[in-house]
Each structure stands twice: as C-alpha cells, then as structure tokens.
Amino acid sequence: MRIDIISVLPEMFTGLVDCSILKRAQDKKLVEIAIHNLRDYTTNKHRNVDDYPFGGEAGMVLQIEPIDNAISALKAQRDYNEIIYTSPDGEVFNQKIANEMSSYQNIIILCGHYKGIDYRVREHLITREISIGDYVLTGGELAAAVMCDSIVRLLPGAIGDEQSALSDSFQDNLLAPPVYTRPAEYKGWKVPDILLSGHQAKIDDWKLQQAMERTERLRSDLLENNK
Ligand code: ADE
C-alpha cells in the first residue's frame, strides 16, 4: 500500500509516522508513506499557497492551483483508490472505514487547513471527505496521522500477532474485554480467577460476556449497529 499525504506543515509528521508500528510497517515494505510539502507545487516566487477569499470573509484560503498540481503529479505516477480531504464536516472516520481503506492500493490524503480551502478542490479533485470526530483541529495533519495509524496496523504483518488486530475494540462493534498480566495479585487486587483456570472454552465465554457488558455500559450505541 502507498499513502501520499499533502500538507502545508510536513514537519508535523516527523515522529508521528516514523515510530512504532508505522515505522516497522514501512521497514517491512508493507506500506510506503510519502509526505509532500504543498509549497513545492507552487509556481510563484514566494511559494505562497493561499490568498484572500472572494466575497470578503476574514482569513486566507488555500488556493486550488498548487493542490491541483500536487494531485496531478501524483496521479500521473499511479492510480488512486481514493483522494481524501480531512475536514471536520466530512464523514466520521471509524473502524469500518479503516478496514475498507486497508484493502486499498494507493490513497492520497490532502490535509485541510484552518484557513479553509478553495471549494472547487472539494467539488472537482477530492473523492472522499473524512472527519476524525466532532471537534475542530487547527489542521488536518493530526487527522491524517490518525487515519494512517489505524489503517496501517491492519495490514497483514504490521503487528506481530495478527489475531490481535482482529480482536481490537470495534471490530465486531464490541469493546475489547479487559486484559491482565503478571503478577496475578498486586496490593490485594486480583486477576479474575477464570483467566488462571486453564479452561480455554470458559475463558473465551468470559471474554465475550465482558466485551458485551462493557459495550452495553460504555457504548450502547455500538450494539445498535449489530441489529
Ligand atoms: N480538520 C480540522 N478538524 C478536523 C477533524 N475533526 N477531522 C478531520 N480534519 C479536521
């Protein structure tokens, strides 16, 4: 898989996509993540990417030309499954969308900007608009990094134990059951006896019960999706 990210703040990705599972997945060639500075696609001397809005609103707006140049340059090299724009008014990202995108070959993520973006980009160049939640960030960089992380960890081989991606919270619209490790007792706080029993079928039963109980208590909206 290849993920191309277009941003006016490419330095924000340093550390976010170069650590942990994202780094390992890139080292193992499971994914290629390329960060592009939008300013590299300008044609003016000062590398400006924004201008005043028509109609006199406050603030500056990202211009269509460098964005079109960047997307066209990438599209000339390969086909893309989706050209995504990060925006608080997009479709809300969830595990189902992460699963779907993890099967894609190539995606572009264009990071939105607090100043706004020429609407023609959204009308003509973008295929999908994604929000990571109902709150406003100063730009789409963190949203792009969140999406990358949740997509890449689903790629086969990205995390050591593939079973563990499948047993994540949300994979069955259920929150994950609690997990414990040694010591079996700490300050008098005990690990549930069942987990030490060695009865795998009973343990699996207990985990499912716990997952259902936690989902009902904390996120009953998820159970609606299972009906
Ligand atoms: N840009 C600003 N806020 C955002 C959000 N919640 N999701 C995606 N992109 C954003």
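Coordinate-derived values only; no laboratory data. Keep in mind that this is a model prediction, so the values were computed, not measured. Glycine gets a Cβ as well: all are built from the backbone with ideal geometry, and neighbour counts include every protein chain shown.
Taking every alpha-carbon pair in segment 117-227 and binning the separations at 10 Å intervals from zero gives 11, 26, 32, 19, 8, 4, 0 percent.
Sorting the segments 143-154, 48-59, 30-41 by their mean number of nearby beta carbons within 10 angstrom, highest to lowest, gives 143-154, 30-41, 48-59.
Listing HIS113, HIS46 from fewest to most neighbouring C-beta atoms within 10 Å gives HIS46, HIS113. Within the chain, which whole H helices from DSSP have a Cα span along their axis of at least 27 Å and a mean Kyte-Doolittle hydropathy of 1.6 or more, if any? Membrane-span-like by this criterion, though nothing is claimed about a membrane: none. Reported to the nearest whole Å, the Cα centre-to-centre distance from segment 190-227 to segment 5-24 is 35.
Around SER87, what is the net charge, scoring Lys/Arg as +1 and Asp/Glu as -1 over all other residues with Cβ under 10 Å from its Cβ? So the surrounding residues net to -2. The alpha-carbon of LYS23 sits under 26 angstrom from the alpha-carbons of these lysines, leaving out residues fewer than 8 places away in its chain: LYS75, LYS96. Near GLY112, once Lys and Arg are set to +1 and Asp and Glu to -1 for all other residues with Cβ below 14 Å from its Cβ, the sum equals -3.
Helical content of the chain, expressed as a calculated mean residue ellipticity at 222 nm, amounts to -9500 deg cm²/dmol (DSSP H runs of 4 or more residues, -39,500 (n - 2.57) each, divided by residue number, nearest 500).
Taking the three principal axes of the alpha carbon atoms in segment 2-152, the coordinate ranges are 47, 34, 27 Å, sorted in descending order. Relative contact order of the chain, taken over Cα pairs closer than 8 Å and 6 or more residues apart, is 20 percent. Sorting SER131, SER169 from the fewest to the most surrounding beta carbons within 10 angstrom yields SER169, SER131.
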